[in-house]
Amino acid sequence: VETKEKGFKYQLDSIYQSGQALSISKHAEMRLQERNIHISSEDWQRIENKVHAAKEMGVKEPLVLLHNAALIVSAKNNTVITAMNRDEARSQIFTNIDGTIIIE
């Protein structure tokens, strides 16, 4: 049985192996683990592609909405800054973002 850390590390490794540059801050990594948020390798790839496209359009800090999570990403640094589950996100006011990416 794979531990959460190995599963999470596997996801990150698969992103890097596929040539993607998205990284996850320690804060976001803790949030993902604490909230038991699992994001597939396929979704990570979609996030990276959309963040890259948003960056080319001048977006610096997009909110990324997935079916199970909300992420704030620094497009400038290709880094996930924070993460929360969608239930938490419903009651939040997001500031300092300049774009939204929806991944269905």
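The values are calculated or read from the model by the stated rules, or taken from the named source; none is laboratory data. Just so we're clear, the structure is a prediction, and the values are computed from it rather than from any experiment. Cβ atoms come from the backbone with ideal geometry, glycine included; neighbour counts cover every protein chain shown. Ligands, DNA and RNA are excluded from the accessible area calculation, which covers all protein heavy atoms including side chains. Shrake-Rupley method; radii C 1.70, N 1.55, O 1.52, S 1.80 Å.
Here are the numbers for the structure shown:
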quantity	calculated
Amide H partners (placed H, <5 Å) of residue 98, local residues excluded	60, 61, 63
Trypsin sites (Lys or Arg not before Pro) within region 46-104: DSSP coil, no more than 15 neighbouring Cβ in 10 Å	60, 76, 90
Other-chain or far-sequence residues with amide H under 5 Å of residue 23's (modelled H)	79, 80
Heavy-atom accessible area per residue - region 31-104, 1.4 Å, Å²	57
From phi via Karplus (6.51, -1.76, 1.60), per-residue ³J(HN,Hα) for region 96-101 in Hz, x at Gly/Pro	6, 10, 9, x, 9, 10
